[in-house]
């Protein structure tokens, strides 16, 4: 990892991660640990172009959580089940989104090829099926 990548990862951890964690907390109504693999995403900055994009990036999870917690039943279910959120960097053909043992594990791709994107509606279905 070069200096540019180290700076990118450090800046994202310092600015974007707290802002994102705050959005998740406001949506859920409680805090949950969030681990984002900024160093992994910095390995290829061209493949991390859309990490904070409203349509393709991390905000998709906030949208899914907002839909799941739209009523008391959903809010209670997610509060009782969710323990942690992890987001790790993978290639477009290796993406996945799971909710197992209280952990949302998003193996994500945020580059220029939409083939690896996981959208809010798919996340919502996975979450609701596990609750």
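Inspect segment 56-69 for any residue being within 26 Å of residue 15 (Cα to Cα), surrounded by fewer than 16 Cβ atoms within 10 Å (Cβ to Cβ), in contact with a helix residue (DSSP H, G or I) (Cβ under 9 Å, 6 or more places away or on another chain) and modelled with pLDDT under 95 and give the result as yes or no.
no
If we keep just the residues of segment 20-55 that are closer than 30 Å to residue 81 by Cβ and loosely packed, with under 13 Cβ neighbours inside 10 Å, which is modelled with the lowest pLDDT?
Within segment 20-55, the match that is modelled with the lowest pLDDT is 55.
The values are calculated or read from the model by the stated rules, or taken from the named source; none is laboratory data. Please read all numbers here as calculations on a predicted model, not as lab measurements. Here Cβ is always computed from backbone atoms with ideal geometry, including for glycine, and neighbour counts include all displayed protein chains.
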